[in-house]
Amino acid sequence: MLPVIRHLGDRGLLIELGTGIDPAVNRRVKRLHRIIAREKLHGVVETVPAYASLLVVFDPLQAAPEALKRQIAGLCDFEENGPAEARAVVEIPVVYGGAAGPDLDTVAAYHGLSVEDVIGLHSSTVYRVYMIGFTPGFPYMGELPEALDTPRRDTPRTHIPKGSVAIAQRQTGIYPAVSPGGWQIIGCTPLTLFDSRKESPSFLTMGDAVRFTPITAEEAAQWPL
């Protein structure tokens with residue numbers, strides 16, 4: 001699919017490299033994100049990668065939109081024959097169910113599964129971090145096993161605890177801080193997903209591979225902060 005470049009206000013260009021949740025498309029987004037950073041295009045302030053698109057934010061006093069579009073279009077013409085991604089699997093410990101996962105029973109009942117089945121399905125998959133968004137450090141990961149494809153809650157919560165592990169449709173994610181949200185909460189991790197004091201504040205980044213590991217509440221209480 002040829003890239004589509006759209007204006008987004010007077011300070012943004014949205015480069016669409018595909019549609020949907022697709023690892024190959026997401027790899028192209030990540031590649032373009034890195035190429036633009038490497039080329040240091042004049043006037044570009046930042047780039048924001050998503051599932052299938054890349055937002056390029058620029059200073060309109062420093063860069064002419066049409067000229068920038070032509071530059072970016074030229075950078076999109078790359079081959080997918082580079083080195084494979086180095087993706088060591090990041091293990092995320094999770095306490096499933098109970099107070100840590102108030103929607104686990106609901107998810108199990110929705111699919112006619114046992115709680116143990118849901119935990120087994122969720123923790124047996126290696127997920128790709130497709131993007132970071134919503135709140136700082138929130139990883140959008142996929143794809144969830146089809147057997148766990150679950151709609152969002154009808155009524156979002158106004159307060160979701162830090163570390164909550166959630167699912168929605170074919171995605172799973174982790175709330176890095178207390179926030180509202182409408183995903184189904186099935187567990188909680190003791191890990192800190194975002195720390196603004198660190199040079200790289202987000203624990204996970206686009207392209208990471210993630211697997212969830214069930215632990216007990218007692219083990220979580222002993223986890224180093």
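The values are calculated or read from the model by the stated rules, or taken from the named source; none is laboratory data. For clarity, every value in this text was computed on a predicted model and none was experimentally measured. Cβ: placed from backbone, ideal geometry, glycine included. Neighbour counts: every protein chain shown. Just the protein is used for accessible areas: all its heavy atoms, side chains included, with ligands, DNA and RNA removed. Shrake-Rupley method; radii C 1.70, N 1.55, O 1.52, S 1.80 Å.
Quick notes on this one:
- Gain on full stretching of the segment that runs from residue 147 to residue 222 - 0.36 nm per residue minus C-alpha separation: 23.7 nm
- Cα gyration tensor category, rounded, prolate or oblate, for the stretch 103-156 with a/c compared to 1.5: oblate
- Computed over the alpha-carbon atoms, the stretch 4-75 gives an Rg to Rh ratio of 0.95, Rh here being the Kirkwood radius from the mean inverse distance.
- Cα gyration tensor, the stretch 140-220 - rounded (a/c under 1.5), prolate or oblate: rounded
- Cα gyration tensor shape of the stretch 37-173, rounded if a/c is under 1.5, else prolate or oblate by comparing a/b with b/c: prolate
- Taking the stretch 158-185 and a reference point 7 angstrom along Cα→Cβ of residue 124, no backbone N atom is nearer than 11 Å.
- Extension reserve of the residue 46-residue 10 stretch, reckoned as 0.36 nm per residue once the Cα distance is removed: 11.5 nm
- Of all lysines in the structure, those lying under 26 Å Cα to Cα from residue 30, and not within fewer than 8 positions of it along the same chain, are 40, 69, 198.
- Per residue, the accessible area of the stretch 141-225 comes to 51 Å² when a 1.4 Å probe rolls over the protein heavy atoms.
- Angle in degrees between helix 65-75 and the longest Cα principal axis of the chain, rounded to the nearest 10: 70
- Free of any trypsin sites (Lys or Arg not before Pro) that DSSP assigns to a loop and that have at most 13 other C-beta atoms within 10 Å, the longest stretch within the chain is 88-196.
- Residue-normalised accessible area of the stretch 4-75, given per residue in Å² at a 1.4 Å probe: 53
- Full extension of the chain between residue 34 and residue 198 yields a length gain of 56.9 nm, computed as 0.36 nm times the residue separation minus the alpha carbon distance.
- Ligands, DNA and RNA left out, the 1.4 Å accessible surface of the stretch 110-208 is 53% carbon and sulfur atoms.
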